[in-house]
Amino acid sequence: LERLKQAEHGAYFGPLRLLALEVYDRLNSEHVPCSMITGEETLEVPGAVCQACTVEMLNDHEYFDVAVVDECQMAADPYRGHNWTRAVLGLRAEEIHLCMAPEAEDIMVQMIKRCGDSFQIVRHKRSTRLTLEKKPYSLKRDLKKGDALIVFSKKSVLALAAHLENQGVRCSVIYGSLPPATRREQVRRFLERETEVVVSTDAIGMGLNLPIRRIVFVETRKFDGTARRSLLPEEIRQIAGRAGRFGLYDEGFVTAIDDIETIEDGLSARPLPIMKAYVGFPEQLLNLPAEIDTLVKIWAGMEAPAIYEKMEVDELLSLYMSFERIHGDHLEEFTKQEIYKLITCSVDIDNRLVMDLWKDYCREYREVDELEFPYSPGTDLYDMESYYKMLDLYFQFSRKTGLPVQEENLFHERRSTEEEISSIL
């Protein structure tokens with residue numbers, strides 16, 4: 001960020017809207033005009049010399065003098081990793097800073113060498129000591145201010161927080177599907193001592209700097225989309241590393257309610273180097289004479305160069321099939337490039353309300369002057385979080401199709417939804 005502040009035209013690319021927001025806030029507070037660009041919203045600052053973005057928003061035709069790509073170990077993620085690979089290989093900048101966990105160093109060096117670029121490696125040391133407490137932790141007996149309790153589902157976060165609130169313990173809660181401003185409010189309450197402990201999923205592991213004294217693993221297994229499994233050493237280290245990081249404590253502590261061995265093994269294990277970086281579907285292939293699903297399947301079946309792996313295409317194909325069902329008889333009226341733009345919207349395909357809205361928009365966007373503004377499906381937490389995702393989709397779909405956005409209405413609805421979610425929590 002120090003180099004970014006001196007840039008005449010600089011950019012930050014990270015994995016979360018929340019991190020882009022943090023960089024945006026920090027640079028502007030230090031009188032470096034910085035805009036924020038994510039798939040869900042854009043905050044334009046007049047005379048901006050810098051932009052803070054989610055990595056998906058990289059425009060590989062733009063030139064920068066300094067660019068920062070954060071959390072590059074994410075290149076190993078089967079669904080989003082291709083965005084980091086694209087950034088490393090495609091960024092046009094005089095000076096690029098790639099920040100990463102140690103296990104990503106080898107693969108990044110290989111990628112850079114293949115591009116024929118020069119590089120230097122700077123390894124950072126952790127500034128506070130991290131100590132494992134081997135005595136199993138008891139919620140009743142050992143809970144102290146500054147503890148962060150880690151579980152692995154939103155359901156568990158809410159249940160544990162409710163249990164503690166009933167015992168008179170004030171909690172901040174953090175999980176992945178919280179709107180950024182709500183998450184920021186939860187962090188603020190903890191920073192200002194309005195709450196005593198944090199209850200969180202592994203969403204805490206990326207870029208949230210909190211005054212946490214001790215990380216407590218309430219669970220040591222997580223559901224990863226296909227099965228329940230033990231935590232990987234790199235996951236344990238990333239989460240445990242949040243303890244004692246704020247300069248308020250000289251030492252951070254980590255412990256668990258049970259299965260302390262898994263945590264100990266994870267902390268002491270040498271990180272396994274990442275062997276493959278994921279690559280995305282090349283849009284140039286859309287010019288070939290075949291349907292999108294055929295092209296994607298053929299591409300996915302082709303051999304990749306040794307250090308690369310093809311991205312997972314199941315969500316892409318599922319959205320394509322939905323689009324095909326909607327416009328089956330008239331599919332030839334749409335260019336493949338146009339369809340591809342819509343099926344690469346960032347959509348939570350497991351959320352029925354969001355998917356229904358995406359299908360409605362796919363049906364109507366050519367017939368209307370502007371997309372119908374979403375309405376709130378209800379007042380409980382699930383409805384409110386779904387509504388927030390629907391507002392994001394409205395913005396994103398409008399932008400992709402060149403339709404106008406009701407900016408003021410969107411701003412107002414976002415803020416009131418964030419406030420509503422905060423008050424429910």
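The values are calculated or read from the model by the stated rules, or taken from the named source; none is laboratory data. Computed from a predicted structure; not experimentally measured. Every residue, glycine among them, receives a Cβ derived from its backbone with ideal geometry; neighbour counts consider all protein chains shown. Heavy atoms of the whole protein, side chains included, go into the accessibility calculation; ligands, DNA and RNA do not. Shrake-Rupley method; radii C 1.70, N 1.55, O 1.52, S 1.80 Å.
What accessible area per residue comes out for the chain, rounded to a whole number of Å², with a 1.4 Å probe? Don't skip to the answer; put the middle values down first.
Values: 21440 Å² over 425 residues.
Per residue, the chain has 50 Å² of solvent-accessible surface.
Estimate the FRET efficiency between Leu403 and Glu94 by the formula 1/(1 + (r/R0)^6), using the beta-carbon distance for r and 35 Å for R0, to the nearest 0.05.
Values: r = 37 Å, r/R0 = 1.05.
The calculated FRET efficiency here is 0.45.
Compared with the alpha-carbon gap, the fully stretched path from Asp293 to Asp369 is longer by 24.4 nm at 0.36 nm per residue.
For Lys144 and Glu2, what does the FRET efficiency come to when R0 = 45 Å and r is the distance between their Cβ atoms, rounded to the nearest 0.05? It would help to have the intermediate numbers written out before the result.
Values: r = 35 Å, r/R0 = 0.78.
In this case the efficiency is close to 0.80.
For segment 294-389, the list of GluC sites (Glu not before Pro) that fall in a loop by DSSP and count at most 16 other C-beta atoms within 10 angstrom reads Glu303, Glu312, Glu367, Glu370, Glu372. Treating each Cα of segment 354-406 as one equal point scatterer and applying the Debye formula with no solvent, the log10 of I(q)/I(0) at q = 0.14, 0.22, 0.30 Å⁻¹ comes out as -0.34, -0.76, -1.21. For Arg189, the accessible area of its heavy atoms, probed at 1.4 Å with every protein chain present, is near 60 square angstrom. Residues of segment 340-378 with amide nitrogen under 14 Å from the 7 Å Cα-to-Cβ point of Asp60? Answer for this model: none. Quick one: of the DSSP bridges fully inside segment 1-132, what percent are antiparallel, nearest 5? Around 10 percent antiparallel, to the nearest 5.
Roughly what % antiparallel, to the nearest 5, for the DSSP beta bridges in the chain?
On the way: 5 of 47 bridges.
Of all bridge pairs located within the chain, approximately 10 percent are antiparallel.
Relative to the Cα centre, the charge distribution of the chain, modelled as +1 at Lys and Arg Cβ and -1 at Asp and Glu Cβ, gives a dipole magnitude of about 1920 debye. When the chain is treated as a GNM with alpha-carbon contacts under 10 Å, the residue of Ser35, Ser172, Ser138 showing the greatest mean-square fluctuation is Ser138. In the chain, helical runs assigned H by DSSP with n ≥ 4 each contribute -39500 (n - 2.57); averaged across all residues and rounded to the nearest 500, the mean residue ellipticity at 222 nm is -12000 deg cm²/dmol.
Determine the relative contact order of segment 369-425: mean sequence separation of Cα pairs under 8 Å and six or more apart, normalised by residue count, in whole percent. Walk me through the numbers before you get to the answer.
Working: 41 pairs, mean separation 23.0, N = 57.
Relative contact order of segment 369-425: 40 percent.
Placing +1 on the Cβ of every Lys and Arg and -1 on the Cβ of every Asp and Glu, with nothing else charged, gives segment 181-309 a dipole about its Cα centre of roughly 360 debye.
In terms of its C-alpha gyration tensor, segment 130-210 has a rounded overall shape, because the principal axis ratio a/c (a ≥ b ≥ c, square roots of the eigenvalues) stays below 1.5.
I need the calculated FRET efficiency for the pair Glu333 and Asp117, taking r as the beta carbon distance and R₀ as 45 Å, to the nearest 0.05. Don't skip to the end; give the middle numbers.
Values: r = 44 Å, r/R0 = 0.97.
Efficiency at R0 = 45 Å is approximately 0.55.
The ellipsoid equivalent to the alpha-carbon distribution of the chain has semi-axes of 35, 27, 23 angstrom, derived from the gyration tensor eigenvalues as √(5λ) and listed largest first.
If I compute solvent accessible area with a 1.4 Å probe over the protein chains, what percent of it on the chain is carbon and sulfur? Working shown, then result.
Numbers: 10850 of 21440 Å².
Ligands and nucleic acids excluded, carbon and sulfur reach 51 percent.
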